[in-house]
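Chemist: Input: one structure, supplied below.
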Amino acid sequence: MSANPSPTGKQPTATYDSAFLKACRREPVPHTPVWFMRQAGRSLPEYRKVREGVAMLESCMRPELVTEITLQPVRRHDVDAAIYFSDIVVPLKAIGLDLDIKPGVGPVVEQPVRTRADLARLRDLTPEDVSYVTEAIGMLTRELGATPLIGFAGAPFTLASYLVEGGPSRTYENAKAMMYGDPQLWADLLDRLADITAAFLKVQIEAGASAVQLFDSWAGALAPADYRRSVMSASAKVFDAVAGYGVPRIHFGVGTGELLGLMGEAGADVVGVDWRVPLDEAARRVGPGKALQGNLDPTVLFTDKETVEARAAEVLDAAAGLEGHVFNLGHGVMPNTDPDALTRLVEYVHTRSAR
């Protein structure tokens, strides 16, 4: 039996009837499912303990460690889905690019991609390049049982931004200069990254991931016309490449309120919404036929229990008319978040939304 339902949805699996996958398919659910971006990470003392002395990229390449870190928030918070512990630059490292994740900075690329000659460094990704991913997901799906595992990758625009800038940026001046000034080089770069990203997601799905999320973290820096003209086709290529597996495809970006409709058009089954746009308004922008994910402001978790519940209730109320809703934060869990606040939030959403 395949690890995932067929595109027709006829093949039963352990995870197929989970609340999370039902919500993604816009089917009736027993309760609104919950998971959190960055639920595995620095907010958990058990995470900090197992990561002691282990560099970020190295931790992504140790299957036993990946398995433990991915399972930690499932055990602690009773979330409805796990998300594979990795980083968006892992596939770029796997094809041999000289990059590292520097504490307090983020991904830093030794030689930025600035010319056509630089494209030659972006070779195809093979399953052998990331054999540790296949091994870790095999271990995880055995442990998770009926709890779905979400695979993920960085979207072509966000990966391109890191590669062209050489690291994190607030202005994306080099990336946007290439996009505006050398549109053919930009298109070829994103097309190459789309192939690498699609290959990375296929490895995760074939190993047993029940859904995938494409993080276009920095797409909010784009005007809608530029997104449509210069970015959307590359994201669509990624989604098209994995469409035949029949697993839900989630698309998320930060500050993408003006792009929500286009991000859905790119091929997502579920559109992630940050905290800036209420879910009922997001549904209007996205249009019918898509589930939505989100969208509590992560900073609300630094307040008292009553405030968290009141704000979570507002999110659930705004989602009341949606075809499908997965509760999440509007961005990742912040490092100083009290883990108990997350556990209580999961319990509150489950209880208040019970059908």
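Chemist: Size of the dipole of the chain about the Cα centre, Lys and Arg at +1 and Asp and Glu at -1 on the beta carbon, nothing else charged, in debye to 20?
Modeler: Approximately 280 debye in magnitude.
Chemist: Report relative contact order for the range 115-205 in percent, whole number only (criteria: Cα-Cα under 8 Å, sequence separation at least 6).
Modeler: 42 percent
Chemist: Continuing with this model, one more query. Counting alpha carbon pairs within less than 8 Å and at least 6 residues apart, what relative contact order, in whole percent, applies to the chain?
Modeler: 22 percent
Chemist: Given the peptides 212-221, 242-251, 90-99, arrange them by the average over their residues of other C-beta atoms within 10 Å, most packed first.
Modeler: 212-221, 242-251, 90-99
Chemist: Quick one: Karplus J couplings for the range 299-312, per residue in order, coefficients 6.51, -1.76, 1.60, θ = phi - 60°, nearest Hz, x for Gly and Pro?
Modeler: 3J(HN,Hα) across the range 299-312, in whole Hz: 6, 4, 5, 8, 9, 7, 4, 5, 5, 4, 5, 5, 5, 5.
Chemist: Moving on. Using only alpha carbon pairs under 8 Å that are at least six residues apart, calculate the relative contact order of the range 162-295 and give it in whole percent.
Modeler: 20 percent
Chemist: Next question. Tell me the per residue accessible area of the chain using a 1.4 Å probe; a whole number in Å² is fine.
Modeler: Accessible area per residue, the chain: 40 Å².
Chemist: Another one. Please determine, in degrees from 0 to 90 and to the nearest 10, the orientation of helix 156-165 with respect to the longest principal axis defined by the Cα atoms of the chain, where the helix direction is its Cα long axis.
Modeler: In the chain, helix 156-165 runs at an angle near 50 degrees to the longest axis.
Chemist: Return the distance in nm (one decimal) between the two label points of a simple spin-label model at T307 and N336, each offset 7 Å from Cα along Cα→Cβ.
Modeler: 1.3 nm
Chemist: Got a number for carbon plus sulfur as a percent of the range 282-355's accessible area, 1.4 Å probe?
Modeler: So the carbon and sulfur contribution to the accessible surface is 49 percent.
Chemist: Something else: What is the gain in length, in nm to one decimal, between T351 and R42 on full extension, counting 0.36 nm per residue of separation less the C-alpha to C-alpha distance?
Modeler: Length gained, T351 through R42: 108.5 nm.
Chemist: Using alpha carbons only, how many degrees (0 to 90, rounded to 10) separate the axis of helix 63-77 from the longest principal axis of the chain?
Modeler: The angle comes out near 30 degrees.
Chemist: Still on this structure: With the cut-off at 24 Å, tell me which of the pairs K176/K202; K49/K202; K202/K237 have Cα atoms farther apart than that.
Modeler: Violating the 24 Å Cα-Cα cut-off are K176/K202; K49/K202.
Chemist: In the range 79-186, which GluC sites (Glu not before Pro) fall in coil by DSSP and have 13 or fewer other Cβ atoms within 10 Å?
Modeler: E110
Chemist: With each run of n ≥ 4 DSSP H residues scored as -39500 (n - 2.57), what mean residue ellipticity at 222 nm is computed for the chain after dividing by its residue count and rounding to the nearest 500 deg cm²/dmol?
Modeler: Estimated from H runs of four or more residues: -13000 deg cm²/dmol.
Chemist: To check my understanding: the extent here is largest minus smallest coordinate of the Cα atoms along each principal axis. What are those three numbers for the chain, in Å, largest first?
Modeler: The Cα atoms of the chain stretch 57, 44, 42 Å along their principal axes.
The values are calculated or read from the model by the stated rules, or taken from the named source; none is laboratory data. From a predicted model like this one, the values you see are computed outputs, not experimental measurements. Ideal geometry is used to build each Cβ from the backbone, glycine not excepted, and the neighbour counts take in all protein chains shown. All accessible areas refer to the heavy atoms of the entire protein, side chains included, with ligands and DNA or RNA removed. Shrake-Rupley method; radii C 1.70, N 1.55, O 1.52, S 1.80 Å.
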